[in-house]
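Contents: one structure, followed by commentary.
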Amino acid sequence: MGPMLQTILTVLLLLMLLLIVIFLFFLFKPWRFFFSSRFLSSIKGELERPLFGDVGDASSFNRSNELPRDHDLEGACYPSEAHFRSPRTHGQVLVHKQRLQTLNMPQPQAADTLVVDVISDHSSSEDLDVGQTLKLPSSHLAQIQKHALPNFQIDRLQDFVQRDISDQRSCLTLEVISGPSQGLRYSVQSTSPSRLPLTLGRVSPSDLLIKDSEVSGKHAMIKWNLDKMKWELVDMGSLNGTLLNSTPINHPDTGSRNWGDPMNLTNGDIITLGTTSKVMVHITSQTQHHIPFGVGMASDPMALHRGGKRFPMEDVYYYQWPLPGLDQFGIFGICDGHCGDGAAKSASKLFPEIIASILSDSLKRERVLSHRDASDILREAFSQTEAHMNNYYEGCTATVLLVWTDGGENFFAQCANVGDSTCIMSVNGKQIKMSEDHKFTNYSERLRIEETGEPLKDGETRLYGINLARMLGDKFLKQQDSRFSSEPYISQVVHIDQASKAFAILASDGLWNVISVKKAIQLVLQMRERCYSERQNTAEKIASLLLNEAKTLRTKDNTSVIFLDFDTFNRFSCKVES
């Protein structure tokens, strides 16, 4: 046993020695001395490859934050079937677009344009479409960052490429070209996350509502893939399947009701639902439109106590400039929901589409421009919006400011509203109230109700728990009591020229419950003066200032603010958010 034991000990010692050698080998990494020059050479080659073309156009890029839409408590919800709410919950979300870490380049001068030089990679499994934004693999980006650029250069280039991506948008239009709903159209932009994904189906709340018995209630969905920068179509487990250019895209097991795989959409594609309903796809790429005046927005659900539980958010604010196909028109609006946010979201989605559709009639559009009055347009828009809403047990205020230009330096603004979300303007130092409150406590509203033959009792300030006499939605209440109305108040047209130093404030009642109109105007003027001396843009700062003032005064309601600055000095470009 002696020699055998000695042999075993020798083997163990050799193994231990081998392990030590291996450990030292990996610890000191001797191979790096043999490959370092070649590796650095390859990195240098990558760095010398140009990513950006020459600097040329006199365009500039703008960044914007996509703010969440969403609140108000107009009083207690009436004790009916308020829990039966629309299943649709497409509130706006914050979209965090991935920043691209790219290569070194000199700092461009003001008003220069960055042009992305798309470098084709034949080894890639995905083909680059014309106009597609260049995206680099994360591993490549990390390698470049590690071996090449200082942090300040990377951050600077991240900003430029991010601005280039944010300035691009794609507009999708669906047109039903055959079937029972032939002629129906629907448009949405890739920069409208609150309206995406959009759904195609036979029943509400489908966005493209196709009245065809062969179409499923929820048949298909279209979404914007931010990573691929493409529109994608998905079959939602429909019974009769979905065809894209005559090719089935639904799940092979038709009885499983499983969703199909996403399929890329391109301009001119034909989507077939059932056997007769065909939808043509129109896709157009659009560069950023520039709003010729300042726009600032701010919103907060607020809380009952400082640092306490926040209220559910039922405000929705939105704007679109310009309206699709209407370069001279834009709208800005606030909807303040009660008993939920479903009605507010529905109305904010419908108003831009309906107003754009009405103004697409050249005769109506020319009448607005020539007469400088859009009363009929706004009245019709409220009527159609109310008719299209299917909100029986929840409702909302609606304040819509339509702004248009005569093609020169003159702007015109006109407001319509139901409820108590207020719009005020200041033009040449003159205060103008553009909306009317429709609470039961207001004398004019009590007078209107008295004329219906069913006057309110003394001291009566609510009906069915609601303190508003006019709203959108609440179909159940309106069926029960004819004193509720959706007829809007229409303001006079306000003319705005370059010298008027005009501005507008639209806000839900969370602001006006604690801040008077006079105080709000004082705050605006003070901030304007301060920002003017510092030569800064004011719109975003003023919207935030008003919101923070309401928070300081402890408003007990959701608060949303839109501030429009028509002052000549403060005009700047701002990304459209619809």
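Can you name every residue in segment 438-497 that is of a type in the set (Lys, Arg), open to solvent by less than 60 Å² (accessible area, probe 1.4 Å) and in contact with a Gly (Cβ under 7 Å, 6 or more places away or on another chain)?
Correct list: ARG470 only.
Could you please give the count of residues in segment 369-388 that are in a helix (DSSP H, G or I) and among the charged types (D, E, K, R)?
4
When you go through VAL279, VAL295, VAL203 one by one, which is the residue that is in contact with a Leu (Cβ under 9 Å, 6 or more places away or on another chain), closer than 30 Å to PHE412 by Cβ and of a type in the set (A, V, I, L, M, F, W, C)?
VAL295
Would you point out the residue of segment 516-544, among those that are open to solvent by less than 50 Å² (accessible area, probe 1.4 Å) and within 23 Å of the chain's Cα centre (by Cα), that is modelled with the lowest pLDDT?
THR538
Looking only at segment 144-173, filter to residues that are at pLDDT below 55 and among the basic types (Lys, Arg); which one of those is farthest from the chain's Cα centre (by Cα)?
It comes out as LYS146.
Going residue by residue through segment 198-216, is there one that turns out to be modelled with pLDDT under 95, farther than 16 Å from GLY179 by Cβ, open to solvent by less than 20 Å² (accessible area, probe 1.4 Å) and among the aliphatic types (A, V, I, L, M)?
yes
Give all pairs with beta carbons closer than 6 Å in which a residue from segment 185-210 that is outside the structural domain of LEU226 (by the TED database) and assigned to a loop (DSSP other than H, G, I, E, B) meets a residue that is surrounded by fewer than 21 Cβ atoms within 10 Å (Cβ to Cβ) and not small (Gly, Ala, Ser); count only pairs at least 6 apart in sequence or on separate chains.
The qualifying pairs do not exist here.
For residues in segment 174-188 being open to solvent by 20 Å² or more (accessible area, probe 1.4 Å) and closer than 17 Å to LEU265 by Cβ, which is farthest from the chain's Cα centre (by Cα)?
Result: ILE177.
Exactly one of (1) open to solvent by less than 10 Å² (accessible area, probe 1.4 Å); (2) among the hydrophobic types (A, V, I, L, M, F, W, C); (3) in contact with a His (Cβ under 9 Å, 6 or more places away or on another chain) is unmet by VAL427. Its number?
(1)
Hey, does segment 456-465 have a residue that's among the aromatic types (Phe, Trp, Tyr) and at positive phi?
Among the residues of segment 456-465, at least one is among the aromatic types (Phe, Trp, Tyr) and at positive phi, which makes the answer yes.
Residue check, LYS228 against (1) assigned to a strand (DSSP E or B); (2) at pLDDT below 90; (3) open to solvent by 20 Å² or more (accessible area, probe 1.4 Å), all met but one. Which one?
Of everything listed in (1) assigned to a strand (DSSP E or B); (2) at pLDDT below 90; (3) open to solvent by 20 Å² or more (accessible area, probe 1.4 Å), LYS228 misses just condition (1).
Select from segment 455-483 the residues that are among the acidic types (Asp, Glu) and modelled with pLDDT of 90 or more and list them in ascending order. Spell out how you get there, then give the answer.
First, the residues of segment 455-483 that are among the acidic types (Asp, Glu): 458, 460, 474, 481.
Selection gives ASP474, ASP481.
Here is a check on your reading of the model: is PHE412 in a strand (DSSP E or B), farther than 21 Å from HIS438 by Cα and open to solvent by less than 10 Å² (accessible area, probe 1.4 Å)?
yes
Please find, within segment 379-409, the residue that is surrounded by the fewest Cβ atoms within 10 Å (Cβ to Cβ) out of those that are more than 15 Å from MET471 (Cα to Cα) and in contact with a strand residue (DSSP E or B) (Cβ under 6 Å, 6 or more places away or on another chain).
Ranking the candidates gives THR405 first.
Would you say ILE505 is within 28 Å of PRO193 (Cβ to Cβ), modelled with pLDDT under 95, touching a Phe, Trp or Tyr at 6+ places or on another chain (Cβ under 9 Å) and not in a loop (DSSP other than H, G, I, E, B)?
No: the conditions fail for ILE505.
Which of the residues that make up segment 345-373 are among the charged types (D, E, K, R) and out of contact with any Pro (no Cβ under 9 Å at 6 or more places or on another chain)?
LYS345, LYS349, ASP361, LYS364, ARG365, GLU366, ARG367, ARG372, ASP373
If the Cβ limit is 7 Å and pairs must be 6+ apart or interchain, which residue in segment 517-528 that is farther than 9 Å from PHE503 by Cβ pairs with which residue that is assigned to a helix (DSSP H, G or I) and open to solvent by 40 Å² or more (accessible area, probe 1.4 Å)?
LEU523/LEU545; LEU523/GLU549; MET527/LYS541; MET527/LEU545
Tell me whether segment 390-406 contains one or more residues that are part of a helix (DSSP H, G or I), touching a helix residue (DSSP H, G or I) at 6+ places or on another chain (Cβ under 7 Å) and not aliphatic (A, V, I, L, M).
No: segment 390-406 contains no residue that is part of a helix (DSSP H, G or I), touching a helix residue (DSSP H, G or I) at 6+ places or on another chain (Cβ under 7 Å) and not aliphatic (A, V, I, L, M).
The values are calculated or read from the model by the stated rules, or taken from the named source; none is laboratory data. From a predicted model like this one, the values you see are computed outputs, not experimental measurements. Glycine gets a Cβ as well: all are built from the backbone with ideal geometry, and neighbour counts include every protein chain shown. Quick note on the areas: whole protein, heavy atoms, side chains included, nothing else; ligands and nucleic acids left out. Shrake-Rupley method; radii C 1.70, N 1.55, O 1.52, S 1.80 Å.
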